[in-house]
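Shown next, in structure tokens, is the structure this report addresses.
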Amino acid sequence: MPKPDSRYVCQSCGAVHAKWAGRCDACGDWNTLSEEAARKPVPRGLSEAAGRRFELVGLDDAPVRAGRLATGIEELDRVLGGGLVEAATILIGGDPGIGKSTLVLQAAAALAAAGTPVAYVSGEESVDQIRLRAARLGLAQAPLRLAAATSVADILATLDRPGAPVLLVVDSIQTMYVEGVESAPGTVTQLRASAHELIRFAKRRSSALCLVGHVTKDGQIAGPRALEHMVDAVLYFEGERGHQFRILRAVKNRFGAANEIGVFEMQERGLIEVPNPSALFLAERDATVPGAAVFAGIEGSRPLLLEIQALVGPATPATPRRTVVGWDSARLAMLLAVLEARCGLAMAGRDVYLNVAGGLRISEPAADLAVAAAVASSVLDAPLPESAVIFGEVGLAGEVRAVSQTEARLKEAARLGFDRAILPGVIRNPGRAERSPGPRLHVLRRLSELFELFENRAPVPPSSRARLDVPARGAVSRDR
């Protein structure tokens, strides 16, 4: 029986199905199967003469390459690990309109202005449209080579020769296609084939390659996960459209630290670097309002101070709401359960709203203590100490656990004028943390000790105390 001439490929995970179905059996997504032409079978049993022999070399035999190539944008260089690496492939993804094309155009123009040969190929805009955008950004005089093309064969025929550009920007990879592949641009097969050919060119000519990628409604780069495995670095451009701040985060980086971030501010003239994001995120902070805590976090290798805001109010007769922006909602639910079970703070009948000011999303467990402090401050209607930073992980037993890079967090707090730090009682590398000049250390071993910070709060009426179940001052809490 002859094999079918077509197959159905899932556009989310790349799984192949013999017939169409509403749901992909591999990833579980609905309505993602697309019909594509079947590949020709690869002959088996290749003889030894069918391949070409290659030479194996040792680590000490490789010639010493030059250092990284700085893009001229320090925040981008920080995320990349110091700059562009020769023959490296970078994939940049983000929501529509977040600033991906603006960032790569600014970086390409800065490199071209410094004398580096750069080619910018767009499959979404014409050359005149790119020129208009460059003129708006003040980059019209940069000696950048432009082209509008979508055929990978045409791009390689133009650039794959001696004197190839040091950097090739392709915006976007979803618009590229390989003529021998019988499927539409943007499908799994075309994405994989186009990326493979462009990466081969980059390795062969030792050119850095920057691919701009679209994202799905879930925030993931559109196409198969194999696309992220093929490249050397995956960068995500994050940010809320209502905020002017943009966060560039390295999700994968073979030549630098993962989770490193760069902070930008979107203005009329494009993306402006933010060298001191901690001061910017805390610029509009009001320390006298209850429900706000300053968290000393670590993003990649950079210490960062953020404001965590909480608002707790009475719930309607229905299920209480837990609304979270910038943090993990499941971790908030766990923390609220610990506050109720270990500290006697009744949260079952209350709505909780949590927000990380500035549009940044954090994920490290060190934010547990700051979130708990913000929630307690809102419930008690008492502000935290004005010049204090808070960090620490909270366990299910109510203990406050140590976190890494304490010294870097304290140095950043001292640099911004904070004279008090509320942190776990067990400090990793305590000698360095205690010897380093900086804020006074207020250590907590149990989460219940957090309520000692609210000694100057207004007294809680007995009716409210019974409803909130807040331990009276001087009483022994349950977890001690």
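The values are calculated or read from the model by the stated rules, or taken from the named source; none is laboratory data. Note that the coordinates shown come from a computational prediction; the quantities given were computed from them, not determined experimentally. Reconstructed Cβ throughout: ideal geometry from the backbone, glycine too, with neighbour counts over all protein chains shown.
Tell me yes or no: at least one residue of the range 53-72 is modelled with pLDDT under 90, in a helix (DSSP H, G or I), acidic (Asp, Glu) and over 35 Å from the mean Cα position of the chain (by Cα).
yes
Matching residues to (1) modelled with pLDDT of 90 or more; (2) buried (at least 21 other Cβ atoms within 10 Å of the Cβ); (3) under 31 Å from the mean Cα position of the chain (by Cα):
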residue: ALA372; (1), (2), (3): yes, yes, yes
residue: GLU393; (1), (2), (3): yes, no, yes
residue: ALA433; (1), (2), (3): no, no, yes
residue: LEU444; (1), (2), (3): yes, yes, yes
residue: ARG457; (1), (2), (3): no, no, no
residue: VAL460; (1), (2), (3): no, no, no
residue: GLY474; (1), (2), (3): no, no, no
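Please work out if VAL169 is touching a residue at least 12 places away in the same chain (Cβ under 8 Å), within 20 Å of LEU69 (Cβ to Cβ) and surrounded by 15 or more Cβ atoms within 10 Å (Cβ to Cβ).
The answer is yes for VAL169.
With of a type outside the set (S, T, N, Q) and either under 29 Å from GLY93 (Cβ atoms) or free of Cβ contacts under 8 Å to residues at least 12 places away in the same chain (or both) as the only criterion, which of ALA292, ALA258 stands out?
From the options ALA292, ALA258, the qualifying one is ALA258.
Of the conditions (1) surrounded by 20 or more Cβ atoms within 10 Å (Cβ to Cβ); (2) over 16 Å from ALA388 (Cα atoms); (3) at pLDDT 95 or above, LEU311 fails just one. Which one is it?
For LEU311, the failing item is (1).
Among the residues of the range 234-251, is there at least one that is over 30 Å from GLU284 (Cβ atoms) and free of Cβ contacts under 8 Å to residues at least 60 places away in the same chain?
no
Would you confirm whether or not the range 317-337 contains a residue that is surrounded by fewer than 16 Cβ atoms within 10 Å (Cβ to Cβ) and part of a strand (DSSP E or B)?
Checked the range 317-337: at least one residue is surrounded by fewer than 16 Cβ atoms within 10 Å (Cβ to Cβ) and part of a strand (DSSP E or B).
Okay, residues lined up against (1) over 15 Å from GLY297 (Cα atoms); (2) touching a residue at least 24 places away in the same chain (Cβ under 8 Å):
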{"residue": "ALA318", "(1), (2)": "yes, no"}
{"residue": "THR323", "(1), (2)": "yes, yes"}
{"residue": "ARG331", "(1), (2)": "yes, yes"}
{"residue": "MET334", "(1), (2)": "yes, yes"}
{"residue": "ALA370", "(1), (2)": "no, yes"}
{"residue": "GLY392", "(1), (2)": "no, yes"}
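Inspect all residues belonging to the range 13-20 and state whether any of them is at pLDDT below 80 and either closer than 24 Å to VAL178 by Cβ or part of a loop (DSSP other than H, G, I, E, B) (or both).
Within the range 13-20, one or more residues are at pLDDT below 80 and either closer than 24 Å to VAL178 by Cβ or part of a loop (DSSP other than H, G, I, E, B) (or both).
Looking at GLU268, GLU299, GLU273, can you tell me which residue is modelled with pLDDT of 90 or more, closer than 30 Å to GLY138 by Cβ and not hydrophobic (A, V, I, L, M, F, W, C)?
GLU273
Could you list all residues from the range 170-208 that are among the hydroxyl-bearing types (Ser, Thr, Tyr), in a loop (DSSP other than H, G, I, E, B) and closer than 21 Å to GLU125 by Cα?
Residues satisfying the conditions are SER172, THR187.
Please work out if THR187 is free of Cβ contacts under 8 Å to residues at least 12 places away in the same chain and in contact with a strand residue (DSSP E or B) (Cβ under 8 Å, 6 or more places away or on another chain).
Here the answer is no, as THR187 does not meet what is asked.
Mind telling me which of the residues GLU228, GLU265, GLU240 ends up being assigned to a helix (DSSP H, G or I), surrounded by fewer than 22 Cβ atoms within 10 Å (Cβ to Cβ), outside the structural domain of ALA372 (by TED's automatic domain parsing) and of a type outside the set (Lys, Arg)?
When all the criteria are applied, what remains is GLU228.
Can you name the helices (runs of 4 or more DSSP H) wholly within the range 75-169 that have at least 3 residues being over 25 Å from PRO185 (Cβ atoms) and at pLDDT 95 or above?
Of the helices (runs of 4 or more DSSP H) lying wholly inside the range 75-169, those with at least 3 residues that are over 25 Å from PRO185 (Cβ atoms) and at pLDDT 95 or above span 100-113.
Kindly list the number of the only condition in (1) without any contact (Cβ under 8 Å) to a residue 40 or more places away in the chain; (2) surrounded by fewer than 22 Cβ atoms within 10 Å (Cβ to Cβ); (3) over 21 Å from the mean Cα position of the chain (by Cα) that fails for GLY83.
It fails just one condition, (3).
Matching residues to (1) modelled with pLDDT under 95; (2) assigned to a helix (DSSP H, G or I); (3) surrounded by fewer than 15 Cβ atoms within 10 Å (Cβ to Cβ):
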| position | (1), (2), (3) |
| --- | --- |
| ARG342 | yes, yes, no |
| MET347 | yes, no, no |
| VAL352 | no, no, no |
| LEU360 | yes, no, no |
| LEU369 | no, yes, no |
| PRO383 | yes, no, no |
